[in-house]
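Peer 1: Before anything else, here's the structure in question.
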Amino acid sequence: MREAPSAGDEPLDGDIGPASGAASGAGSGVRPRAPEAEAEAAATLRRFEAEREERRRGTNAVAGRIAVALAALFLAFLTYDSASTAVEAHARGDDWVYPPAVVGGVCAVALVALLTWAWRRRRLGM
């Protein structure tokens, strides 16, 4: 086991712990900061936080655009698939209005609503 350093020991560069503060004259091991240093540190932290927030907003914006594009592609595919199923069912003489045409109509309405929402959001600069 190591012995605890006595108060007379001088700390080496990079030492941490109670001996490093005792040798430097501060009883608690924490050096008091000048008001200018505190203000500079606070300004640096605010700047870092603002930069991090800006990166987060940019990442969220890209993720939102990707999600809207994927949802639009999915709805377009479902609309196309339902329409082709309804056409095939009508040609065979089967029920073609419900479910294929209704599902296609709902998907088409959802696609139009999604694209309208995305267009208005982009136009308004949100």
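The values are calculated or read from the model by the stated rules, or taken from the named source; none is laboratory data. Worth saying up front: this structure is predicted, and the values here are computed from it rather than measured. Here the Cβ positions follow ideal geometry from the backbone for every residue, glycine too, while neighbour counts run over all protein chains shown. In case anyone asks, the SASA skips ligands and DNA or RNA and just uses the protein heavy atoms, side chains included. Shrake-Rupley method; radii C 1.70, N 1.55, O 1.52, S 1.80 Å.
Peer 1: What pairs come up if the first residue lies in the range 114-126 and is among the aliphatic types (A, V, I, L, M), the second is open to solvent by less than 100 Å² (accessible area, probe 1.4 Å), and their beta carbons are under 8 Å apart, counting only those six or more places apart or on different chains?
Peer 2: The qualifying pairs are LEU114/VAL68; LEU114/ALA71; LEU114/ALA72; LEU114/LEU75; LEU115/ALA72; ALA118/VAL68; ALA118/ALA72.
Peer 1: Could you please find all residues in the range 100-126 being open to solvent by 70 Å² or more (accessible area, probe 1.4 Å) and not aromatic (Phe, Trp, Tyr)?
Peer 2: Quick first cut of the range 100-126, residues open to solvent by 70 Å² or more (accessible area, probe 1.4 Å) only: 106, 109, 112, 115, 117, 119-124, 126.
Selection gives VAL106, VAL109, VAL112, LEU115, ARG120, ARG121, ARG122, ARG123, LEU124, MET126.
Residue-wise test of (1) at pLDDT below 70; (2) open to solvent by less than 70 Å² (accessible area, probe 1.4 Å); (3) in a loop (DSSP other than H, G, I, E, B).
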{"site": "GLY29", "(1), (2), (3)": "yes, yes, yes"}
{"site": "GLY58", "(1), (2), (3)": "no, yes, no"}
{"site": "PHE77", "(1), (2), (3)": "no, no, no"}
{"site": "ASP81", "(1), (2), (3)": "no, yes, no"}
{"site": "THR85", "(1), (2), (3)": "no, yes, no"}
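Peer 1: In addition: Yes or no: ALA69 closer than 29 Å to ALA110 by Cβ, at pLDDT 95 or above and open to solvent by less than 90 Å² (accessible area, probe 1.4 Å)?
Peer 2: Details: closer than 29 Å to ALA110 by Cβ: yes; at pLDDT 95 or above: yes; open to solvent by less than 90 Å² (accessible area, probe 1.4 Å): yes.
The answer is yes for ALA69.
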